[in-house]
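Note sheet for the following structure.
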Amino acid sequence: MASVLIIEDDSTFAQIIEGFLTKNNFEVTTVSNVAKALKLIAHEDFQLLLIDYRLPDGTGIDVLNHRRETGLAVPAIIMTSFNDVRTAVKAIHLGASDYITKPINPDELLMVINNALQKKETPKTTEDNFIRGKSEVANRLYQHIDLVAETDMSVVIQGESGTGKEFAARTLHQQSKRKSKPFIAIDCGALSKDLAASELFGHIKGAFTGAVNDKKGSFEAANGGTIFLDEIGNLSYEVQVKLLRALQERVIQPLGSNKQIPVDVRIITATNDDLANSMKNGEFREDLYHRINEFKIQLPPLRERGVDLELFIELFIKLSNEELNRNVKELDKETRSLLLKYDWPGNLRELRNVIKRMVLLTAGSIASADSLPDEMKIAVANEVPLDNPSDLKAVNESNEKTLITEALIKVKYNKSKAAKLLNIDRKTLYSKMERYGID
């Protein structure tokens, strides 16, 4: 029986989830704020954290940061409202296994929880089932990969969260002369400051409290092959010093040891931040930046990949059908239009999530828009034309339409409750709904 900690301040909603999970043989504990959650996490072992994003004394991000700083390995899922989905992308960047949007579908929640517990994390699923694409930007990207793969040059892969940076790194390795040797990927964003050096360079027994055995570091394990450091900008300054030495002198020194171990590795790094700004702020060493940045590859966001979007949609439908034992064969007109018009801030990772949810909620062979998250429909419906972004009236009207739509969804389309929530009378609400074409 897996133990789950629910961190949710809406007591009614928390009770509903607790009851559902208990019926499905989970052991559930519920708390209502960040402080109580951190206190419990320090004294009890949980197999999963189910975290609401907005909490009375902070956000779910605070819990994820604590989890990373303390080296806690327990998987975490963020629950968000539809207008916080872009923040959920940041949560994935900070090590969350997945996110789920409210209102929550029970079957979807169970699927996401089981995936997290089985360590079938969405990013890895996406990476393992990637396709190159046929767009012009994809062709240019793979020309660069093909060009640098056979060399030993250090490569920085830059791109938004969810664009497939680990897949690009694996492709570089598989096309290199090191392909028969190990490829080891490290998520620097998930490493605690205290344990990062041990993870990379190893330690000997007794090097620090809790070091009960010798540990081989990732650099030694990757000897002869490739090491991929994702979100390298998260490494502390002290670890950056050790990393620079390892790259320059091709030796590592495990924590607590006087022994130096020769290593031969190719380093590939990735970031969704601009390391140049981090250098200006003194957060990233300039000499290390120049050492890792012998060649830069820029991964395009999904919204700029044109025809590739449809290819990925078809791929993820196929994979989701296989995983969920469904038979979705086509999309109705509205569903296809929404998928193609949405801007996909979470890129391939978000697309994979949305398609998997869509397939799960589709009983027959044709997927309808009812199976897509509300935030997608709202984002597409309220998109402000970019030809004149300084048009204050258009922006204000778009924001007003979004607020009204969100309020209606929140109260399940009860117009009296929506008017009260928006602090306007029903007549004004009806007038604005008619003006903005809200059904």
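The values are calculated or read from the model by the stated rules, or taken from the named source; none is laboratory data. Since the model is a prediction, treat every value here as computed from it, not as a measurement. Don't worry about glycine lacking a Cβ; one is built from the backbone with ideal geometry, like all the others, and counts go over all protein chains shown. The protein model used for the area step is the full one, side chains on, heavy atoms only, and it has no ligands, DNA or RNA in it. Shrake-Rupley method; radii C 1.70, N 1.55, O 1.52, S 1.80 Å.
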Task: Exposure ranking of ASP52, ASP45, ASP62 by accessible area [1.4 Å probe, largest first] - done: ASP45, ASP62, ASP52
Task: Helix-only CD estimate at 222 nm, as mean residue ellipticity for the chain, using -39500 (n - 2.57) per DSSP H run (n ≥ 4) - done: -14000 deg cm²/dmol
Task: Heavy atoms of VAL411 accessible to a 1.4 Å probe, total area in Å² rounded to 10 - done: 30 Å²
Open item on the list: If I compute solvent accessible area with a 1.4 Å probe over the protein chains, what percent of it on segment 136-298 is carbon and sulfur?
Closed with: 45 percent
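Could you tell me which of the pairs LYS377/LYS432; LYS39/LYS102; LYS410/LYS432; LYS377/LYS410; LYS216/LYS259 are separated by over 21 angstrom between their Cα atoms in the structure shown?
Values: LYS377/LYS432 19 Å; LYS39/LYS102 26 Å; LYS410/LYS432 17 Å; LYS377/LYS410 14 Å; LYS216/LYS259 13 Å.
In this structure, LYS39/LYS102 lie more than 21 Å apart at Cα.
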Task: Computed E for GLN143/ILE424 - FRET, C-beta separation, R0 41 angstrom, nearest 0.05 - done: 0.15
TODO: Have a look at ASP194, ASP374, ASP230 and tell me which one the Gaussian network model of the chain (Cα, springs below 10 Å) gives the largest fluctuation.
DONE: ASP194
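May I ask what percent, to the nearest 5, of DSSP beta bridges between residues of the chain are antiparallel? Working shown, then result.
On the way: 5 of 43 bridges.
DSSP beta bridges in the chain are roughly 10 percent antiparallel.
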Task: Theoretical gain in end-to-end length, LYS134 to ASN277 [0.36 nm per residue, Cα-Cα removed] - done: 48.2 nm
Task: Eligible aspartates and glutamates near LYS179 by straight Cα distance, threshold 17 Å, same-chain separation 8 or greater - done: ASP128, ASP146, GLU150, ASP152, GLU166, GLU220, ASP264
Task: Calculated FRET value between HIS290 and LYS412, using beta carbons and R₀ = 51 Å, to 0.05 - done: 0.35
Open item on the list: Tell me the relative contact order for segment 214-263 as a rounded percent, counting alpha carbon contacts under 8 Å between residues six or more apart.
Closed with: 37 percent
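Hey, what's the chain come to in accessible area per residue, 1.4 Å probe, Å²?
Values: 21460 Å² over 439 residues.
Per-residue value: 49 Å².
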Task: Percentage relative contact order, segment 304-382, counting C-alpha pairs under 8 Å, at least six apart - done: 38 percent
Task: DSSP loop GluC sites (Glu not before Pro) with at most 16 other Cβ within 10 Å excluded, longest remaining stretch of the chain - done: 151-282
Task: Table column - 3J(HN,Hα) (Hz), segment 264-269, Karplus curve with 6.51, -1.76, 1.60, x for Gly and Pro - done: 10, 10, 9, 10, 10, 10
- [ ] Specify which labelled value, from [x] 21, 45, 26, 7, 0; [y] 22, 53, 23, 2; [z] 26, 58, 16, 1, agrees with P(r) over Cα pairs in 20 Å bins from 0, in percent derived from the coordinates of the model shown.
- [x] [y]
Open item on the list: Connecting C-alpha atoms closer than 10 Å in a GNM of the chain, tell me which of ILE113, ILE252, ILE100 has the biggest fluctuation.
Closed with: ILE252
- [ ] Run a plain Debye calculation on segment 182-307 (Cα atoms as equal point scatterers, no solvent) and give log10 I(q)/I(0) at q = 0.09, 0.16, 0.21 Å⁻¹, rounded to two decimals, same order as the q list.
- [x] -0.27, -0.80, -1.28
Task: Per-q log10 I(q)/I(0), segment 2-119, q = 0.10, 0.15, 0.18 Å⁻¹ (Debye; single scatterer per alpha-carbon; no solvent) - done: -0.24, -0.57, -0.86
